[in-house]
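After the structure tokens below, expect a handful of questions from me.
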Ligand SMILES: NC(=O)c1ccc[n+]([C@@H]2O[C@H](COP(=O)([O-])OP(=O)(O)OC[C@H]3O[C@@H](n4cnc5c(N)ncnc54)[C@H](OP(=O)(O)O)[C@@H]3O)[C@@H](O)[C@H]2O)c1
């Protein structure tokens, strides 16, 4: 009689076996929340995973935790502060110097209700959520193209539906709204527009792009909501593993391999905001290019 299958046995991968064997991933903000759950999911399937994070201590702790929970040793840390374009360029250079292919870039890191400016003087949520990722993606685009088929997955939000457009002048000063949610919605609209325009620019290159809403997820992103509202609110939210499902779907599913530039929610396509027009996407791209041009 054959042994019963051990359905509970954890998958043990080393980066050279498993469904994602030989595939390389870079996840921004992979030290916590949805990003960490995404990185862990990719490592669990045998991917080679780089976690880009602004805190070395938190990034290395996440690497150690993911290695321990998945048995995959092919997980590494890269320093990245998206609020500083010099750090973004350094992160891209450090990755390129490894000589690795890059099959999937997951632009996941984000801030909400944050006030202030980035090092180069951009509204903080726009700077971190959009502009830093714009610079990172473009710096890695040659590598992604050379590694094709490759994907760029950008974690947006359904908050993007509440943005009515982009006031480009406002992106050069700190958020003024009382809740801080207006700037967040604009930054998440920028994520959608970026993904759409990137799809147009990478058509026929083998690079495909995806923007998504992860769901309402109990992560550190709610850290600025005061106690006791926060624990009550978080009880009804998705877990971070549930929140990583659509990122993992866009990063790996063969179902969407031929699609590009679309918006996803609950592992399914969803129409993005009507404000997300090709004209606005082109304007955002042009300005982002000017704003991220390396100093000569
Ligand atoms: N949670 C939700 O309900 C929800 C809903 C819609 C969309 N989202 C989106 O999902 C994504 C992940 O969010 P989350 O919920 O997992 O939040 P989270 O737990 O707060 O994680 C955010 C990640 O972004 C990183 N980050 C922030 N500023 C950074 C910077 N300047 N440079 C590099 N990394 C930086 C954080 O690093 P530190 O740990 O160092 O702060 C952290 O790793 C975000 O884009 C968010 O907008 C979340």
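Quick one: in the range 211-240, which of the residues that are assigned to a loop (DSSP other than H, G, I, E, B) and under 15 Å from the mean Cα position of the chain (by Cα) is farthest from residue 110 (Cα to Cα)?
Step by step, filter the range 211-240, then rank; the result is 215.
Quick check on the range 27-65: of everything there that is assigned to a helix (DSSP H, G or I), over 22 Å from residue 246 (Cβ atoms) and within 18 Å of the chain's Cα centre (by Cα), which residue is nearest to the ligand (Cβ to nearest atom)?
Going through the qualifying residues, I end up with 58.
Give me the residue from the range 241-258 that is away from the ligand (no atom under 16 Å from the Cβ) and assigned to a helix (DSSP H, G or I) and, out of that set, surrounded by the most Cβ atoms within 10 Å (Cβ to Cβ).
The qualifying residue surrounded by the most Cβ atoms within 10 Å (Cβ to Cβ) is 252.
Follow-up. Of all residues in the range 259-296, which are part of a loop (DSSP other than H, G, I, E, B) and surrounded by 11 or more Cβ atoms within 10 Å (Cβ to Cβ)?
Within the range 259-296, 259, 260, 261, 266, 267, 270, 272, 273, 275, 276, 277 meet the criteria.
Restricted to the range 121-154, and to residues that are outside any helix (DSSP H, G or I) and closer than 26 Å to residue 222 by Cα, which residue is nearest to the ligand (Cβ to nearest atom)?
154
State which residue pairs qualify: first residue within 14 Å of residue 181 (Cα to Cα) and inside the range 219-237, second residue surrounded by 11 or more Cβ atoms within 10 Å (Cβ to Cβ) and modelled with pLDDT of 85 or more in any location, beta carbons under 6 Å apart, and separation of 6 or more residues or different chains.
As it stands, the answer is 221/112; 222/230; 224/113, since those pairs meet every condition given.
Which members of the range 72-91 meet the condition of being assigned to a loop (DSSP other than H, G, I, E, B), within 13 Å of the ligand (Cβ to nearest atom) and farther than 11 Å from residue 28 by Cβ?
83, 84
I've got another one for you. Right, residue 68: away from the ligand (no atom under 12 Å from the Cβ), part of a helix (DSSP H, G or I), over 25 Å from residue 285 (Cα atoms) and out of contact with any strand residue (DSSP E or B) (no Cβ under 9 Å at 6 or more places or on another chain) or not?
Judged against the criteria, residue 68 is a match.
Let me ask something else about it. Test residue 145 against the stated conditions and say whether it is surrounded by fewer than 24 Cβ atoms within 10 Å (Cβ to Cβ) and touching a helix residue (DSSP H, G or I) at 6+ places or on another chain (Cβ under 7 Å).
The answer is no for residue 145.
The values are calculated or read from the model by the stated rules, or taken from the named source; none is laboratory data. Because the structure is predicted, anything quoted here is derived from the model rather than measured. Ideal geometry is used to build each Cβ from the backbone, glycine not excepted, and the neighbour counts take in all protein chains shown.
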